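A.B. asks: The following block contains the structure, expressed as structure tokens.
Please treat every number below as a calculation from the coordinates, not as lab data. Keep in mind the model is a prediction, meaning the values are calculated, not measured. When we count neighbours, we look across all protein chains shown, and the Cβ atoms used for this are built from the backbone with ideal geometry, even at glycine.
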Amino acid sequence: MSTMDAFTSGDEALNLQALGKFLVDEQGGAFGAPPSFSDPFSNEKAPVSGRRYHARIKTESIQQRVAKVRAAQIPLLEAALPLLRALSEMPETVPVIADVELLKDILRHEITLFSVVCDEADIPWKKMAIVRYCLCTALDEAAHGTSWGLQSGWSQSNLLNHFEGDNDGGNKFFLLVGRLSASPHEFPDVLEIMLHILGLGFEGRYSIIDDGERQLTRIRQRLLTLLQSTRETLPPALSPHAYCEGQAARKSFFFIPVKVSLALCALLVAALFLGCKYYLSLPQELFRQQLLAMQRLHITEPRPPERLRLAVLLKAEIARHWVSVDESQRESRVIFHGDSMFAVGDASVRPERIDIIRRVAAEVQRVNGEVMIIGHTDSTPIRSGAFASNQALSEKRAQAVAAYFREQGIAPEKITSKGAGDTQPIASNHDAQGRSQNRRVEIFVTY
């Protein structure tokens with residue numbers, strides 16, 4: 001379970017939220033002790049303890065950065081500024097897809113430096129962990145929303161999973177907003193960074209729900225109100241009617257004689273009179289023709305682009321935990337859980353699940369989307385003679401699902417199927433529940 005899972009799950013956590021008591025050490029140790037961070041300058045692992053990183057900071061640039069953070073009015077915001085700039089300047093295009101991994105390595109390195117700088121600047125570990133979680137979530141969404149992010153499979157090895165072992169940042173970000181809002185005076189700097197992230201376009205789960213933009217606006221306004229309530233107001237002037245020596249000098253400098261003022265007013269009135277007389281003398285027919293042309297003008301509003309409605313279409317199946325749906329403005333992902341779709345060691349779709357695949361294919365055909373189907377298995381060696389390995393089984397399952405998409409009339413060149421075997425697990429293969437989650441078929445739809 002990741003740090004944010006411990007923070008956002010369970011009925012006990014919800015009850016503590018109602019009391020305004022979250023992010024405290026007494027709650028099961030969710031944030032009891034800071035974890036170790038990898039050394040950005042060597043391959044050695046840091047010990048799991050709270051000691052400082054003085055011996056690790058080698059370069060003058062990092063020392064200057066720590067000093068700058070300590071001197072800032074909001075140290076946590078100053079430490080997060082490089083990552084916020086990276087979020088605001090996420091490139092729209094990457095000419096060489098291979099450079100995406102270089103960008104990802106740079107971001108990982110910067111996130112690690114952020115953790116080290118926060119520790120050196122004596123910023124509480126709880127605040128650093130929450131901000132790191134939110135920044136990883138926002139950077140992943142920004143990268144995943146680009147064409148190069150989709151082509152490179154950014155979501156398969158995203159930043160949030162690398163640092164936190166989590167893939168549900170789009171939901172938990174707003175759970176954190178709600179819980180931290182109960183104690184705005186304790187976490188004003190964290191809420192300030194969250195407001196910056198929302199202002200830079202992060203949408204999370206609200207990108208796929210109706211009226212999501214309006215709800216995001218309300219959340220931003222609420223955060224701004226909370227932050228304003230935590231800031232100290234300026235003290236009133238000791239003498240509001242005090243006389244300043246420079247004040248008289250400024251007044252005399254801008255003083256205009258009365259005669260000059262009257263002359264300027266007369267000139268302005270004369271100009272207005274001549275202008276009005278000119279427009280009144282224009283032929284009335286010209287104005288009549290213009291009015292008739294305005295009446296005949298017809299403005300047609302552009303038709304909004306069609307979007308997938310898989311979350312609504314598969315509402316019943318989602319409730320039964322047969323499938324999972326994750327939709328954004330540019331991509332939709334449908335996960336068919338392997339135990340509900342295929343028999344053990346078999347690549348044939350269960351007859352009762354064929355209708356679900358056909359409905360998804362019909363919806364994809366409606367928006368003329370492109371489909372990528374990826375089969376996954378657990379790490380248990382296959383004992384069936386029909387398949388040589390888990391890789392072969394995953395490929396056959398992906399091809400079986402792709403066949404139903406072609407039956408619905410989707411062009412074969414818009415369908416890609418491949419198998420990943422047990423190379424991309426989303427849970428542990430050491431227990432039955434984790435292996436069940438790893439046996440799945442993922443369908444990515446772009447349009």
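A.B. asks: Kindly provide the pair-distance distribution of region 120-167 built from C-alpha pairs, with 10 Å bins from 0 and whole-percent values in order of increasing distance.
C.D. replies: Final binned percentages: 27, 45, 21, 8, 0.
A.B. asks: Please give the Cα centre distance for region 152-170 versus region 94-116, rounded to the nearest Å.
C.D. replies: Measuring centre to centre over Cα atoms gives 13 Å.
A.B. asks: Next question, about the same structure. Using θ = phi - 60° and the Karplus curve 6.51 cos²θ - 1.76 cosθ + 1.60, what whole-Hz ³J(HN,Hα) does each residue of region 197-203 get, with Gly and Pro shown as x?
C.D. replies: Result, rounded to whole Hz: 4, 5, x, 8, x, 5, 10.
A.B. asks: To make sure I understand, if each residue's beta carbon is the centre and we count other beta carbons within 10 Å, what order do Val360, Val116 fall in, fewest to most?
C.D. replies: Least crowded to most crowded, the residues run Val116, Val360.
A.B. asks: Let me ask something additional. From the alpha carbon gyration tensor of region 106-242, can you work out the equivalent ellipsoid semi-axes (sqrt of 5 times each eigenvalue) and give them in Å, largest to smallest?
C.D. replies: On the way: eigenvalues 199, 81, 35 Å².
Those come to 32, 20, 13 Å.
A.B. asks: Oh, and also: Given +1 on the Cβ of Lys and Arg, -1 on the Cβ of Asp and Glu, and no further charges, what dipole in debye does region 310-446 carry about its Cα centre, rounded to the nearest 20?
C.D. replies: Roughly 160 debye, rounded to the nearest 20.
A.B. asks: Let me understand region 310-446 better: what is its radius of gyration from the alpha carbons, and its Dmax, in angstrom?
C.D. replies: Radius of gyration, then largest Cα-Cα span, for region 310-446: 14.2, 43 Å.
A.B. asks: Here's something else I'd like to know. On a 24 Å Cα-Cα criterion, which of the cross-link pairs Lys127/Lys172; Lys104/Lys414; Lys68/Lys126; Lys68/Lys127 come out too long?
C.D. replies: Long pairs (Cα-Cα over 24 Å): Lys104/Lys414.
A.B. asks: Further, regarding this structure: Arranged by the count of other C-beta atoms within 10 angstrom, fewest first, what order do Met372, Met341 take?
C.D. replies: Result, fewest neighbours first: Met372, Met341.
A.B. asks: Now a separate question. Hey, what do the phi angles of region 189-195 turn into as Karplus ³J(HN,Hα) couplings, whole Hz, using 6.51/-1.76/1.60 and θ = phi - 60°, x for Gly and Pro?
C.D. replies: Listing the rounded values in order: 5, 5, 5, 4, 5, 4, 5 Hz.
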